[in-house]
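The values are calculated or read from the model by the stated rules, or taken from the named source; none is laboratory data. Bear in mind the structure is a predicted one, so any value in this text is a computation, not a measurement. Don't worry about glycine lacking a Cβ; one is built from the backbone with ideal geometry, like all the others, and counts go over all protein chains shown. Just so you know, the surface numbers come from the protein's heavy atoms only, side chains and all, with ligands and any DNA or RNA stripped out. Shrake-Rupley method; radii C 1.70, N 1.55, O 1.52, S 1.80 Å.
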Amino acid sequence: NAGVTQTPKFQVLKTGQSMTLQCAQDMNHEYMSWYRQDPGMGLRLIHYSVGAGITDQGEVPNGYNVSRSTTEDFPLRLLSAAPSQTSVYFCASSAALETQYFGPGTRLLVL
Amino acid sequence: GENVGLHLPTLSVQEGDNSIINCAYSNSASDYFIWYKQESGKGPQFIIDIRSNMDKRQGQRVTVLLNKTVKHLSLQIAATQPGDSAVYFCAENKGGSQGNLIFGKGTKLSVKP
């Protein structure tokens, strides 16, 4: 199993541009989440999903959209990128309620 | 308010010594706690977890202690090795919230040879 994969690894955007961060897992996990990690801080939850077709907001959802059309994929969309969204983004998945497995992250720079 | 935080942002230990990383939480409804290790440039890696009906849980070289009275969580690493150098995060899962973890800010552990 590849586990949790994320693409791209690095991305540079200009303010106002849109893009989609991809996340996929091959473990048939029901739960998937997106976090952002800023320097010197822990991870903050953006959005999460408890199954295909079901999503919910986390702690910092503004400026981001998600969808969950399949069990495997959970893309994160930035509608209009802002410098405040410069961060490292982690996707995670889990079968049970708690033990989450994280992807390698996407480093995003918004100029 | 709800908070998961760490008492010490950095910790430096000698190789072979034991390490103790602390974490405070304020949400008494939290029923599950996890410790993650994050190496530079990588995603967090699960280390050990504990449920609120337990006080202690042991893994390989690691022990997690939970004190619900003072809402305190600790991670003990025995015989710390250079490979243990990383940032350690505690996280809590509030009761009833699925897939929704609240992370602390992290403690950086540096192991001196």
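Within the stretch A:5-50, the set of residues being among the small types (Gly, Ala, Ser), in contact with a strand residue (DSSP E or B) (Cβ under 8 Å, 6 or more places away or on another chain) and surrounded by fewer than 18 Cβ atoms within 10 Å (Cβ to Cβ) comprises just one member, A:Ser18.
Grab the strands (runs of 3 or more DSSP E) fully contained in the stretch A:1-80, keeping just those with 3 or more residues being within 25 Å of B:Ile34 (Cα to Cα) and of a type outside the set (S, T, N, Q). Break it down stepwise before answering.
Working: elements: A:4-7, A:10-13, A:19-25, A:31-37, A:43-51, A:54-57, A:64-66, A:76-78.
Where strands (runs of 3 or more DSSP E) fall fully within the stretch A:1-80 and carry at least 3 residues being within 25 Å of B:Ile34 (Cα to Cα) and of a type outside the set (S, T, N, Q), they are A:31-37, A:43-51.
Checked against the criterion of being of a type in the set (Ser, Thr, Tyr) and more than 11 Å from every other protein chain (Cβ to nearest Cβ), the candidates A:Ser80, A:Ser93, A:Ser49 yield just one match: A:Ser80. Just so you know, in the stretch A:96-111 the residues that are part of a strand (DSSP E or B) and open to solvent by less than 40 Å² (accessible area, probe 1.4 Å) include one that is nearest to the other protein chains (Cβ to nearest Cβ), and it is A:Phe102. Somewhere in the stretch B:53-60, is a residue within 14 Å of another protein chain (Cβ to nearest Cβ) and assigned to a strand (DSSP E or B)? Within the stretch B:53-60 (the criterion being within 14 Å of another protein chain (Cβ to nearest Cβ) and assigned to a strand (DSSP E or B)), the answer is yes, since at least one residue qualifies.
Of everything in the stretch A:13-64 that's β-branched (Val, Ile, Thr) and either farther than 30 Å from B:Thr10 by Cα or over 15 Å from the mean Cα position of the chain (by Cα) (or both), which residue is modelled with the lowest pLDDT? Out of the qualifying residues, it is A:Val50. Among the residues making up the stretch B:75-95, those that are small (Gly, Ala, Ser), without any contact (Cβ under 8 Å) to a residue 60 or more places away in the chain and crowded, with 17+ Cβ neighbours inside 10 Å are B:Ser85, B:Ala86. Selection over the stretch B:21-52 of residues that are within 9 Å of chain A (Cβ to nearest Cβ), surrounded by fewer than 16 Cβ atoms within 10 Å (Cβ to Cβ) and not in a strand (DSSP E or B) gives a count of 2.
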